[in-house]
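Note sheet for the following structure.
The values are calculated or read from the model by the stated rules, or taken from the named source; none is laboratory data. The shown structure was predicted, so the numbers you read here are calculated from the model rather than taken from an experiment. A quick note on method: Cβ atoms are made from the backbone with ideal geometry, for glycine too, and the neighbour counts reach across all protein chains shown.
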There are 2 protein chains.
Amino acid sequence: MATLTDIGVAAAINILGAIIFFVAFAILRLQPFNDRVYFPKWYIKGLRSSPTHSGAFVSRFFNLDYRSYVRFLNWMPAALQMPEPELIEHAGLDSAVYLRIYLIGLKIFVPMAFLALTILVPVNLTNSTLKMAKVTYSDIDTLSISNIPLGSPRFSAHIVMAYVFTFWTCYMLLKEYEVVASMRLHFLASERRRPDQFTVLVTNVPPDPDESISELVEHFFLVNHPDHYLTHQTGFLGCWGEKVDAIDHQKSEIERLSKEIAEERERLTNDSKCIMPAAFVSFQTRWGAAVCAQTQQSRNPTLWLTEWAPEPRDVYWQNLAIPYVSLTVRRLIIAVAFFFLTFFFMIPIAFVQSLANIEGIEKAVPFLKPIIEVKFIKSVIQGFLPGIALKLFLIFLPTILMMMSKVEGFISLSSLERRAASRYYLFNFVNVFLGSIITGTAFEQLHTFINQSANEIPKTIGVAIPMKATFFITYIMVDGWAGIAGEILRLKPLIIFHLKNFFLVKTEKDRDDAMDPGSLGFNTGEPQIQFYFLLGLVYAVVTPILLPFIIMFFALAYVVFRHQIINVYNQEYESGAAFWPAVHGRIITALVISQLLLMGLLSTKQFAKSTPFLIALPVLTIWFHRFCKGRYEPAFVKYPLQEAMMKDTLEKAREPNFNLKAYIQNAYIHPVFKAGEDEDDDYLILKGEPETALVPTKRQSQRSTPLPSKISGSSSLSLPEVIQDSEQP
Amino acid sequence: MATLTDIGVAAAINILGAIIFFVAFAILRLQPFNDRVYFPKWYIKGLRSSPTHSGAFVSRFFNLDYRSYVRFLNWMPAALQMPEPELIEHAGLDSAVYLRIYLIGLKIFVPMAFLALTILVPVNLTNSTLKMAKVTYSDIDTLSISNIPLGSPRFSAHIVMAYVFTFWTCYMLLKEYEVVASMRLHFLASERRRPDQFTVLVTNVPPDPDESISELVEHFFLVNHPDHYLTHQTGFLGCWGEKVDAIDHQKSEIERLSKEIAEERERLTNDSKCIMPAAFVSFQTRWGAAVCAQTQQSRNPTLWLTEWAPEPRDVYWQNLAIPYVSLTVRRLIIAVAFFFLTFFFMIPIAFVQSLANIEGIEKAVPFLKPIIEVKFIKSVIQGFLPGIALKLFLIFLPTILMMMSKVEGFISLSSLERRAASRYYLFNFVNVFLGSIITGTAFEQLHTFINQSANEIPKTIGVAIPMKATFFITYIMVDGWAGIAGEILRLKPLIIFHLKNFFLVKTEKDRDDAMDPGSLGFNTGEPQIQFYFLLGLVYAVVTPILLPFIIMFFALAYVVFRHQIINVYNQEYESGAAFWPAVHGRIITALVISQLLLMGLLSTKQFAKSTPFLIALPVLTIWFHRFCKGRYEPAFVKYPLQEAMMKDTLEKAREPNFNLKAYIQNAYIHPVFKAGEDEDDDYLILKGEPETALVPTKRQSQRSTPLPSKISGSSSLSLPEVIQDSEQP
């Protein structure tokens, strides 16, 4: 049992570790030769370029100005300075709203921690149940609900707090949903003209013996949307799978290959078998597109399916042509597969572990036998191998989950990630949360739960919860704090960039390609945050001392990710915060779980009056969720006609002669038809027409972006004056 | 324990009872003075009129032709003869599809019974477990799964049969869903022009300080649907509740009241406070209406809500003006109330029972004391009173459930009935099905289940199932068979009609009003049918001997209700079989319940291999349900644009100058604004324009409608020759 001192020491060590990371980061980021690792976003936006061609040789690689090292935590306030509207413009709405998840964590848990520490901790502390009981206990336990004697009226304080916390969480969630929904609508409304605003994705086009897919689509929409149909582009798939490699151009054979590519494209375009029964249909007005996306087209609801086209970068082309029956079968198979993955994942790992032993390795690679037989190495291998198999599985888990989503047939990257995220959350809940509280594999737990009554299950888990507080505090520090600190250092991209830079880079374009800005990774990041929401809500009433650790995580993560979003990440797509309903839903889930577990816990405390008081909480919470779903979710799924009409009218008045058809013509082209050189165009397409005056930032101060200092000569840089780091002389 | 002979005797008694009912019906229906009780549908359709003004006096009231009594079951084949398309035209799609519920019962259970009786019964019978065990058992039990020894490999026959039955049921359901969906689409497509095809109901119109509701609606739709908007009618409510009585005209004061009504209408129309924030908005084309009904209008998804307007008769006016927040609160309250109603309904009844005892009555009405104190009367009261309280509750239950649906805020009668039906089914499941299998009140069961593990619950119920077979066979005969036979006799409407006829009727119109054709009563009838589906599916594998009784019920009910639909019922509204998804869903529910209970039962039979084989069944069934939902449900919710466009185009070509605005102008008027005399117009509005040639029937033979015989002189009747009963000379 860890004492408060133990926890304190562990916290100190972890904080020290984090500080070391931050110092390392502070030093590395100031070196010009790391610039592309720590500020790739600015390079991609074209607001920064390599400092390699001017200035003293050394200062091209190292920052010799000692003053810049003094304030090594400078980047933190700087990361917080960029106002939200500017952040949205700089990095997109997805990123800005993603940051709000951390922010809502703070909004929920800071007042909660204040209340819990000032009210519940004294209530818990002023008992001597644990002392009297003469059991082994830790200091942490005296601060928790465990210290209250059975049947004590003091439990009413916890019930009241459970109500207060529930109402507070719901209130915050409501406010946040409202804000995010209006941010999304404002974002969509203030967007400039973009192809996906006029375009609907049509899938499951039925085959027709007399007409090609393209003709069929044109006729169908000319007939059924006569006043609004503009044009369409059909998708290509049939022969796609094997051919893509042929398009990966080798530097040396680029000439010959280019010709081949052109021929291949020609062949694809003319080969009707390669055309998949899906199309991007564009309309003359946003109103027309909004109507088509929201309505049913044909009497068979599994044909001519329409939905808003994802933005061009977001399309997952491989899944555009899956027929309805196949889709439902895939969903079933993946549901069953995920069930087995969650509850039986230990079985294949145990199998691998049984294979990957010393004897197995010696058999496979006999020439290594003398080395392996060295006692020290042998013990290392025996100690690490089983862990490595598990670790490898966990590393590949997000990939496996993404693959599952792909098999399920979602047609945009954003929806793939959302699906994978919800699966990852479930996996974490079963295997990390329940797995830590109740020992045994997930399958053993499942077996236990099936054999337990509905009111025993919350008891079994609830009783174990206070005992695991120390474990989860350690978990938060190791997984949360250290993970965040590691995130900012970007060790892997740093090493890979320098390796590439050293061995491969020949031109400026090569150097651009060697950059790996990465992106937020919703499918792994969000479930992790959600796990902390779960811990925070479950322990808020039971062991409030855990809350400050959670708050520390949210605060740290908020600053670090805000910095990364501003300087590093380059989002692959923009979904307009389409993930918020899922985020909201999972916080609600965590809230309901915490309420059920509290009910279970209190019912073992001989406080008989508790259940009737607590049962109302999950009912009200679920009702609240349904209310929010009806009130706000449509903003994330549908597109109101009023908004569409307003934008159409405005635009028509402003540019009466705009040639929309020409503008949209090539927006949705299969990647096969894009040469490597064209890729930059995507970015322009996404951003709509190039803005008349590209103002990179509206900030007053730019302390956070230590651009190549003037010492190294910035004459070649075309950066606007405002974003120069004013601290550097 | 009932033996087979007991059951046989009970069946004989019940069949005899049914035959007596049928004979009584045969006699009563042939009497001209009962004509309006047994054939009101034909009077309402205007195809039959009173035989009172001509012919011999006696024959005006009694049918003296002995030959018509000979074939007293004649109406049965006659009821089956009308082909389905004609039935749809005669009584509407709702009625025709309602009959298909019985038909699918036969389709599912007849082959099932054949298989079960030829395969499972011999497998069960050729054991002597019960004989050896020396327990009391009945003959029925030797035919059931109870007769198979523990752990016997013979259980595999039952598992295989469970698979066969599941696949068969699903296959039938799939076929049926397909047929009903295409019937619905065909019905909608072949309908003549009707106001609701062009009209969308808009609710939650936001208040505006500068404009009246009517102006606001007009402006909103002129702006957002400029090419399609035609006209609108706003609803009236505010002052409605109290005023309706003023409009019930008393015969004697009709003059004065008519004037008052006119003034009141005038006042309502001009009083803006009485106008509720809802409107029926009509469009120039079906396409325009389909678009508006399926799309979101404003950025706040709880304002400007649009949905297809129910047909005028189907509108439930009181609920048109409920704001969104109030609606969600109402749903929560009703959900909680229904939970208590289902599980605690015995408490108020017990309370009433405790009050309604001899002493209570003596106190309330002391002057009756001498009568009550008579020993015989006292024992009767004591014996019946408690039962009466329960019986009264059960009689009022459908009304209570309908009231609950009304509070929930559904805006059409059809959706009110659908909701009440699903609640009634749940209530029956908990209190009749589970209540009969496991003794104890619903609340005690709930308590038991909460304290039992997830895999114990199916065991507890499953084990008790074979023992209750006899009880349910009796239940089917008493509740099912006798209920159906009673339905056809229409004893209550018969008595009421003659009472009214004797005391009140003065004019021909009075006589029309005295008729009470009734209607199908989806909210009570469908849950009853579903209960038999549940029994049939649960017992198919366990005690197959129950199946013939179910089949008998379905067959009898099919014939009787087909007869009633043709000759008696007058549906209040037409929803186009919108209830089928609910019917389908409940049969699936019954199937899953039967699978879980079989799993529970077999797991107690020491046939360990059973669970893994059976667990796949519910998974596959639920998947099947999801598949069907995606494939067919949209046909019942949305209206495909392709269909709308097709009809619009056709109509425009046929009648280019039709004045739609004038046609729609007064379709949706609040009942307050309709004079009593206008009510007949509703029917015309529903049927669209009067058909060019009103062909009442296309049948070849009309044995089933014994019109006033020629003896009584039919010269005054203007009935087409074809529908004269050819059997009467």
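Considering segment B:600-641, and only residues there that are over 30 Å from A:Gln296 (Cβ atoms) and aromatic (Phe, Trp, Tyr), the residue that is surrounded by the fewest Cβ atoms within 10 Å (Cβ to Cβ) turns out to be B:Phe613. The residue that is farthest from B:Ile104 (Cα to Cα), among those in segment B:169-192 that are loosely packed, with under 14 Cβ neighbours inside 10 Å and among the basic types (Lys, Arg), is B:Arg192.
Of all positions in segment B:455-465, at least one carries a residue that is within 14 Å of chain A (Cβ to nearest Cβ) and of a type in the set (D, E, K, R).
In segment B:280-309, what count of residues is obtained for those that are within 10 Å of chain A (Cβ to nearest Cβ) and in contact with an Asp or Glu (Cβ under 7 Å, 6 or more places away or on another chain)? Looking only at that region, the number is 3. For first residues located in segment B:491-512 and assigned to a helix (DSSP H, G or I), partners that are among the acidic types (Asp, Glu) and surrounded by 11 or more Cβ atoms within 10 Å (Cβ to Cβ) and lie 6+ apart or on another chain with Cβ distances below 9 Å form the pairs B:Lys492/B:Asp516; B:Pro493/B:Asp516; B:Ile496/B:Asp516; B:Phe497/B:Asp516; B:Lys500/B:Asp510; B:Lys500/B:Asp513; B:Lys500/B:Asp516; B:Asn501/B:Asp510. Determine if segment A:87-94 includes at least one residue that is at pLDDT below 80 and of a type outside the set (D, E, K, R). The answer is no, given that none of the residues of segment A:87-94 is at pLDDT below 80 and of a type outside the set (D, E, K, R).
Of all the residues in segment B:580-615, those that are within 14 Å of chain A (Cβ to nearest Cβ) and within 30 Å of B:Tyr98 (Cβ to Cβ) number 2.
Taking segment B:565-661 and the helices (runs of 4 or more DSSP H) fully enclosed by it, the elements with 3 or more residues that are under 18 Å from B:Ala189 (Cβ atoms) are at B:634-637, B:641-654.
Applying the condition of being polar (S, T, N, Q) and in contact (Cβ under 8 Å) with a residue 60 or more places away in the chain to segment A:574-598 and asking which residue is surrounded by the most Cβ atoms within 10 Å (Cβ to Cβ) yields A:Ser594. Tallying residues that are in contact with a helix residue (DSSP H, G or I) (Cβ under 7 Å, 6 or more places away or on another chain) and in a helix (DSSP H, G or I) within segment A:513-535 yields 13.
One residue stands out in segment B:310-349 among those that are within 14 Å of chain A (Cβ to nearest Cβ) and of a type in the set (S, T, N, Q): the one that is surrounded by the most Cβ atoms within 10 Å (Cβ to Cβ), namely B:Thr328. One residue stands out among those in segment A:616-651 that are without any contact (Cβ under 8 Å) to a residue 40 or more places away in the chain and more than 11 Å from every other protein chain (Cβ to nearest Cβ): the one that is nearest to A:Cys292 (Cα to Cα), which is A:Leu650.
Checked against (1) among the polar types (S, T, N, Q); (2) surrounded by fewer than 22 Cβ atoms within 10 Å (Cβ to Cβ); (3) within 30 Å of B:Gly600 (Cα to Cα), B:Thr524 passes all but a single condition, namely (3). Among the residues of segment A:213-235, is any surrounded by fewer than 18 Cβ atoms within 10 Å (Cβ to Cβ), polar (S, T, N, Q), in contact with a helix residue (DSSP H, G or I) (Cβ under 8 Å, 6 or more places away or on another chain) and more than 13 Å from chain B (Cβ to nearest Cβ)? No; the residues of segment A:213-235 include none that is surrounded by fewer than 18 Cβ atoms within 10 Å (Cβ to Cβ), polar (S, T, N, Q), in contact with a helix residue (DSSP H, G or I) (Cβ under 8 Å, 6 or more places away or on another chain) and more than 13 Å from chain B (Cβ to nearest Cβ).
Table: residues versus (1) modelled with pLDDT of 80 or more; (2) β-branched (Val, Ile, Thr).
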| position | (1), (2) |
| --- | --- |
| B:Asp314 | yes, no |
| B:Ile334 | yes, yes |
| B:Ala337 | yes, no |
| B:Ala350 | no, no |
| B:Ile358 | no, yes |
| B:Glu362 | no, no |
| B:Ile372 | no, yes |
| B:Ser379 | no, no |
